[in-house]
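Encoded as structure tokens, the structure appears first; notes follow it.
The values are calculated or read from the model by the stated rules, or taken from the named source; none is laboratory data. Source: prediction; values computed, not measured. Positions of Cβ are backbone-derived with ideal geometry, glycine not excepted, and every protein chain shown enters the neighbour counts.
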Amino acid sequence: MELQPGKFYVLRGENGAGKSTLLRMIAGLSEPTEGSITIFSLPSRDARARMGYMAHAPLLYDELSGMENLRFFARLYGIPSDAPLQDAIRRVGLDPALPRRVGQYSQGMRQRLSLARAIFHSPELLLLDEPFSNVDPESAAEIARLLGAMRSAGATILLVTHQVGLLASMADEFLLLSAGRLVDRGAMRGVHT
Amino acid sequence: MTTPGMSLSIAKLTANNVRKDLRLEWRSRDVLNSMLFFAGLVVIIFSFTVEPTAEESRRIAGGLIWIAFLFSTTMALNQSWARELRNGVLDAYRVAPAPPEAMFLGKCLANFLFVLMLECLMAPLFVIFYNLSAVGPAWQLVIIFLLGTWALVVNGTFFAVMSIRTRSRELMLPLLLLPVSIPAVVSMVTATTLVLSGEASPAAQIKLLAVYCVVYTTACLLLFETVLNAE
Amino acid sequence: MNKNLFFACSVIVAGLLGYATYLALKVAPTEATMGDVQRIFYCHVPAAMTGFTMFFVNFLASVVYLWKRSARADALAVSAAEVGVVFCTVVLITGPIWARYAWGKWWVWDMRLTTTLVLWLLYLSYLVMRRSSEAGSTAVMAAALAVFAFLDVPIVYMANRWFRTNHPQPMIGTSSLDPQMAHVLYINMLAFFLFGCLIYWFRYGLERTAQKVAAIHVRRAGVGTTAMMALPAMFFLQFQPPPPHHVDPHVYLYGAYFAAWTIYFLYLLLLSNRLFKLKKEEAELH
């Protein structure tokens with residue numbers, strides 16, 4: 001399966017089809033049992049700096065504040081200053097101060113913080129696992145617009161979601177997975193699962 | 001495109017991790033308090049059960065102190081990755097471009113400081129309860145404690161990561177740690193006893209501890225990424 | 001695994017083992033100070049040598065696994081560790097039985113015994129860890145642990161140099177070992193080493209089978225192994241009961257041999273059991 005840079009792909013399929021697993025493999029977290037994965041002509045583990053991954057779970061330290069979390073992970077990406085972080089926070093629609101501990105955030109806020117972490121280093125490839133699942137419709141539309149803007153700026157986006165309608169106009173291609181195999185790809189063909 | 005000014009030096013990343021761990025420890029002080037209380041209890045219980053004279057105590061205190069430290073260290077190490085596990089954060093680490101060795105070193109240093117703190121509490125209690133006084137040069141004890149603690153912590157942190165992918169996690173850590181640590185523990189105990197009783201110089205034991213620390217720190221650093229990504 | 005080759009080897013090894021045991025118990029000259037109980041030596045030392053060799057093989061296989069990630073290397077590693085632990089158990093049981101009679105103590109913290117005990121613990125923890133790890137990560141983690149375990153060996157050796165040693169000094173290769181005894185020892189070492197290799201071969205085959213669930217050759221090899229188990233027993237049953245005034249040392253002597261062979265037998269029983277389970281699984285799959 002080959003993906004073109006600068007395009008917006010949506011992964012669909014019923015539960016258990018293997019969408020999250022595929023995303024994990026591309027992110028370098030799992031090894032495929034057969035075959036190999038290359039990103040920008042590199043094995044997935046070498047492309048980490050140019051990749052942003054947002055998992056289904058927020059993966060944040062509950063005991064630290066939102067800003068402390070972001071700052072900590074930003075250092076792991078070699079980002080020394082706060083400016084890109086502030087930018088990312090604003091773009092996902094959160095209040096830049098973020099003083100409270102993440103444990104006290106709502107699900108939606110945690111999700112958006114996780115998204116901020118995925119984009120603060122301006123990655124060329126963005127992997128998102130159900131970014132809209134706990135977010136209200138207006139925020140979901142905002143996030144979709146944000147992703148569209150990133151795609152226009154040259155990033156490649158690979159997204160797993162059940163809410164296809166939201167992305168009907170923005171996505172370049174839909175990939176349908178079933179039982180671990182790619183069964184169909186192409187532009188949107190009506191609203192059906 | 002990468003952000004300008006990107007730096008992924010191991011030293012800075014390690015410091016980053018240590019800071020994060022210390023901050024987390026400080027925020028959840030209940031864990032800290034329980035550990036300190038537990039360490040104190042261990043010393044007191046030992047003192048109840050074994051009541052030697054001053055001469056005898058110098059001979060056996062070395063062994064008792066290190067058994068008590070081993071207990072407490074194992075308990076502390078079991079906690080070491082607990083927060084990462086609870087929040088599921090390890091995946092976020094693995095996806096980041098930072099070399100995992102930095103995370104490991106950071107965790108080791110944080111654990112090392114934590115265990116040293118426990119030892120600083122327990123050692124004076126031992127001195128009091130056993131009326132200990134060192135016949136040999138006491139400054140050597142400092143070296144022995146530092147090397148010995150690092151030997152336990154570096155392997156313990158490594159095996160704690162391994163235990164994450166096993167059933168009965170809390171049991172797996174001591175099970176893996178203790179056999180590998182036997183030569184180090186033997187050296188620690190012998191060295192401590194030699195210094196306390198003033199019989200001979202613990203130079204050979206200290207050398208062995210140093211060798212052990214170098215060998216295993218290297219092994220841990222080289223194999224950490226492999227074990228972290230074993231899926 | 002060629003079944004005919006395996007069967008032929010089993011018969012040869014069984015014969016060699018029987019001959020070696022006969023030499024050890026009847027032909028070798030009686031040692032001056034310790035008497036007949038010293039004959040445990042011919043069972044104890046070869047077991048130690050085979051066990052340690054197996055651990056070394058485990059180390060090599062683990063390094064290869066970390067480098068190449070081949071399932072074959074992993075099978076070699078786990079088989080070596082298991083067989084090594086079995087032989088080490090024999091060392092740790094025959095040793096104290098011998099020591100109790102020769103020096104009055106069941107256990108002393110001397111260099112060789114301690115090293116063996118530590119090795120035994122290390123590889124036992126290796127096997128336990130393999131069993132409780134989640135599937136998919138087992139081989140990699142076990143290989144890493146194996147490297148750690150083997151790195152400990154020279155360190156344990158260095159640490160033990162400070163222990164007083166009651167252990168008999170090595171007589172192998174020096175002129176202080178009676179040439180007749182040396183001859184018997186070498187034959188026993190060869191016999192037990194080949195025995196170890198044979199079990200290792202069988203265990204490796206089992207592991208590959210478990211990896212592929214293709215039990216055909218292994219099933220047939222199991223027959224050869226079972227046959228092999230019977231042969232040394234025949235030599236055993238030929239020994240006359242000892243004369244009454246020598247009762248004490250021989251109780252220990254035969255006790256040690258009995259213990260050793262029980263361990264080998266139990267392990268082979270365990271492997272055969274696993275074999276039958278795999279056979280059943282394979283039948284269900286077809």
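Remarks
- Taken together, the residues in the range A:96-112 that are away from chain B (no Cβ under 12 Å) and modelled with pLDDT of 80 or more amount to 9.
- Within the range B:157-176, the residues that satisfy the criterion of being over 14 Å from residue B:227 (Cβ atoms) and in contact (Cβ under 8 Å) with a residue 24 or more places away in the chain are B:169, B:170, B:174.
- Leading residue by the ranking (farthest from the chain's Cα centre (by Cα)) among those in the range B:155-166 that are within 11 Å of another protein chain (Cβ to nearest Cβ) and either in a helix (DSSP H, G or I) or not hydroxyl-bearing (Ser, Thr, Tyr) (or both): B:165
For every residue, the table says whether it meets (1) within 17 Å of the chain's Cα centre (by Cα); (2) in contact (Cβ under 8 Å) with a residue 24 or more places away in the chain.
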residue	(1), (2)
B:142	yes, no
B:148	yes, yes
B:184	yes, yes
B:194	no, yes
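- Residue match in the range C:20-39 (condition: part of a helix (DSSP H, G or I), under 30 Å from residue C:131 (Cβ atoms) and aromatic (Phe, Trp, Tyr)): no
- Note on the range B:71-91: among residues that are of a type in the set (A, V, I, L, M, F, W, C) and touching a helix residue (DSSP H, G or I) at 6+ places or on another chain (Cβ under 7 Å), the one that is farthest from residue B:190 (Cα to Cα) is B:90.
- Verdict on residue B:223 being of a type in the set (A, V, I, L, M, F, W, C), facing chain C (nearest Cβ under 10 Å) and touching a residue at least 40 places away in the same chain (Cβ under 8 Å): yes
- Taking the range B:70-91 as the range and being surrounded by fewer than 20 Cβ atoms within 10 Å (Cβ to Cβ), of a type outside the set (A, V, I, L, M) and closer than 19 Å to residue B:179 by Cβ as the test, the residues that pass are B:71, B:74, B:78.
- Against the conditions (1) in a helix (DSSP H, G or I); (2) buried (at least 20 other Cβ atoms within 10 Å of the Cβ), residue B:127 satisfies every one except (2).
A quick yes/no check of all residues on (1) within 14 Å of chain A (Cβ to nearest Cβ); (2) out of contact with any Gly (no Cβ under 6 Å at 6 or more places or on another chain); (3) at pLDDT below 80; (4) more than 27 Å from residue B:81 (Cβ to Cβ):
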position: B:6; (1), (2), (3), (4): yes, no, yes, yes
position: B:14; (1), (2), (3), (4): yes, no, no, no
position: B:34; (1), (2), (3), (4): no, yes, yes, no
position: B:48; (1), (2), (3), (4): no, yes, yes, yes
position: B:51; (1), (2), (3), (4): no, yes, yes, yes
position: B:59; (1), (2), (3), (4): no, yes, yes, yes
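Residues checked against (1) crowded, with 18+ Cβ neighbours inside 10 Å; (2) closer than 30 Å to residue C:102 by Cβ; (3) modelled with pLDDT of 70 or more:
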| position | (1), (2), (3) |
| --- | --- |
| C:157 | no, yes, yes |
| C:175 | no, yes, no |
| C:184 | yes, yes, yes |
| C:230 | no, no, no |
| C:242 | no, yes, no |
| C:249 | yes, yes, yes |
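- Look at (1) over 18 Å from residue C:149 (Cβ atoms); (2) more than 9 Å from chain C (Cβ to nearest Cβ) and you find that residue B:231 fails only one, number (2).
- Within the range B:188-209, no residue satisfies the criterion of being within 28 Å of residue B:79 (Cβ to Cβ) and surrounded by fewer than 20 Cβ atoms within 10 Å (Cβ to Cβ).
Let's see how each residue does on (1) within 30 Å of residue B:105 (Cα to Cα); (2) more than 9 Å from chain B (Cβ to nearest Cβ); (3) assigned to a helix (DSSP H, G or I); (4) not charged (D, E, K, R):
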| residue | (1), (2), (3), (4) |
| --- | --- |
| A:87 | no, yes, yes, no |
| A:114 | yes, no, yes, yes |
| A:147 | no, yes, yes, yes |
| A:150 | no, yes, yes, yes |
| A:159 | no, yes, no, yes |
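- Residues that are under 25 Å from residue B:90 (Cα atoms) and among the hydrophobic types (A, V, I, L, M, F, W, C) were ranked within the range A:8-35; the one that is farthest from the other protein chains (Cβ to nearest Cβ) is A:17.
- Residues of the range A:36-63 classified as within 11 Å of chain B (Cβ to nearest Cβ), within 18 Å of residue A:122 (Cα to Cα) and not in a helix (DSSP H, G or I), total: 5
- Entry remark, the range B:167-187: residues being farther than 28 Å from residue B:202 by Cα, facing another protein chain (nearest Cβ under 9 Å) and either in contact with a Phe, Trp or Tyr (Cβ under 6 Å, 6 or more places away or on another chain) or surrounded by 23 or more Cβ atoms within 10 Å (Cβ to Cβ) (or both) number 1 in total.
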